[in-house]
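K.L.:
The structure follows.
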Amino acid sequence: MTPPPTNSRKRPEPVQVVKSRRDAALRALVSGVPYIQFLGIRFDRRGDELTAELPFDEKLIGNPLLPALHGGATAAFLEVTAIIELSWTLLWEDMEAGRIDPASLDPLHLPRLPKTIDFTVDYLRSGLPRDAYARARVNRSGRRYASVHVEAWQDNRARLVAQGTGHFLMPPVGLVPGRDD
């Protein structure tokens, strides 16, 4: 009698281990940018989709008479969301393909961030003194250049506060110790 064939495939890791490693990689990516901490931006990951949150803070008010969020804070929120989405997309692909070990990621050993070539913002309505959310979509990503669209809303995703489109210079591939972004 012949023994049953052995399955040479490696058993998949428990889903909680995979989720925890992905969340740690995202935290490392975000914590490497002090401006993100200054603005208080947080990122929520569901699978490979990110939602950025800009919690309301009085320092973000530009016009106290309305009151309305400052246009610069709104633009920064959109641009940061676009850059992190683009970086996360690249990092996600490298992690899933096994080219980067998420355990090796920390704020000093991360991929370089894309550099902004240009960023255009359409202000669609006043940002109210409350939390804002944003999601970005990578329209094109090549070896040297990427295009990203991002939308921000507050209470209702169908009522956008602002949207933006950015073009970015892509960084060299691989981890760079002590990145200077």
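K.L.:
Where Rh is the Kirkwood radius over the Cα pairs of the chain, the temperature 10 °C and the viscosity 1.306 mPa s, what D in µm²/s does Stokes-Einstein return?
P.N.:
On the way: Rh = 17.7 Å.
This corresponds to a translational diffusion coefficient of 90 µm²/s.
K.L.:
Determine which residues of segment 87-118 fall in the zone a paramagnetic label at Glu13 would reach in this model, i.e. backbone nitrogen under 15 Å from the point 7 Å along Cα→Cβ.
P.N.:
Counting only backbone N, you get 92-106.
K.L.:
Can you bin segment 3-69 into rounded, prolate or oblate? Criterion: square roots of the alpha carbon gyration tensor eigenvalues sorted a ≥ b ≥ c, rounded for a/c under 1.5, prolate for a/b above b/c, oblate for the rest.
P.N.:
Values: a/c = 6.73, a/b = 3.76, b/c = 1.79.
Because a/c hits 1.5 or more and a/b exceeds b/c, segment 3-69 counts as prolate.
K.L.:
Applying 1/(1 + (r/R0)^6) with R0 = 45 Å to the Cβ-Cβ distance of Ser141 and Leu65, what FRET efficiency is obtained, to the nearest 0.05?
P.N.:
Details: r = 42 Å, r/R0 = 0.93.
My answer for the efficiency is 0.60.
K.L.:
Please report, as a whole percent, how much of the solvent-accessible surface of the chain comes from carbon and sulfur atoms (probe radius 1.4 Å). Intermediate results must be reported in sequence, preceding the final value.
P.N.:
Values: 5720 of 10760 Å².
Whole-percent figure for carbon plus sulfur exposure: 53.
K.L.:
Summing +1 for each Lys or Arg and -1 for each Asp or Glu, what net charge is found among the other residues whose Cβ lies under 12 Å from the Cβ of Leu128?
P.N.:
Details: positive: Arg125, Arg130, Arg159; negative: Asp131, Asp155.
Charge balance in the 12 Å sphere: +1.
K.L.:
Right, here's the next one. Just to confirm my numbers, what's the Cα centroid distance between segment 107-162 and segment 19-43 in Å?
P.N.:
Cα centroid to Cα centroid, the span is 16 Å.
K.L.:
Sort 31-40, 163-172, 76-85, 13-22 by the packing proxy (mean of other Cβ within 10 Å over each peptide's residues), most packed first.
P.N.:
Numbers: 31-40: 14.8, 163-172: 17.4, 76-85: 24.8, 13-22: 12.0.
Output ranking for 31-40, 163-172, 76-85, 13-22: 76-85, 163-172, 31-40, 13-22.
K.L.:
Another one. Taking R0 as 25 Å, what FRET efficiency do you get between Ala97 and His149 from their Cβ-Cβ distance, rounded to the nearest 0.05?
P.N.:
On the way: r = 25 Å, r/R0 = 1.01.
Once rounded, the FRET efficiency stands at 0.50.
K.L.:
Would you kindly state how much longer the chain becomes between Arg21 and Leu169 on full extension, computed as 0.36 nm times their sequence separation minus their alpha carbon distance, in nm to one decimal? The partial results should precede the final answer.
P.N.:
Details: separation 148, 0.36 × 148 = 53.28 nm, distance 2.77 nm.
Contour length minus the Cα-Cα distance gives 50.5 nm.
K.L.:
How much length would be gained if the chain were fully extended between Leu128 and Asp44, taking 0.36 nm per residue of separation minus their Cα-Cα distance, in nm to one decimal? Intermediate values should be presented prior to the final figure.
P.N.:
Working: separation 84, 0.36 × 84 = 30.24 nm, distance 2.16 nm.
The span from Leu128 to Asp44 would gain 28.1 nm if fully extended.
K.L.:
Skip the ligands, DNA and RNA, and give the accessible area per residue of segment 15-169 with a 1.4 Å probe, whole Å². Before the final figure, lay out each step's value.
P.N.:
Details: 8100 Å² over 155 residues.
Per-residue accessible area for segment 15-169 comes out at 52 Å².
The values are calculated or read from the model by the stated rules, or taken from the named source; none is laboratory data. These numbers were taken from a predicted model, which means no experiment stands behind them. Neighbour counts run over all protein chains shown; Cβ positions are idealised from the backbone, glycine included. These accessible areas exclude ligands, DNA and RNA; they are computed on the full protein's heavy atoms, side chains included. Shrake-Rupley method; radii C 1.70, N 1.55, O 1.52, S 1.80 Å.
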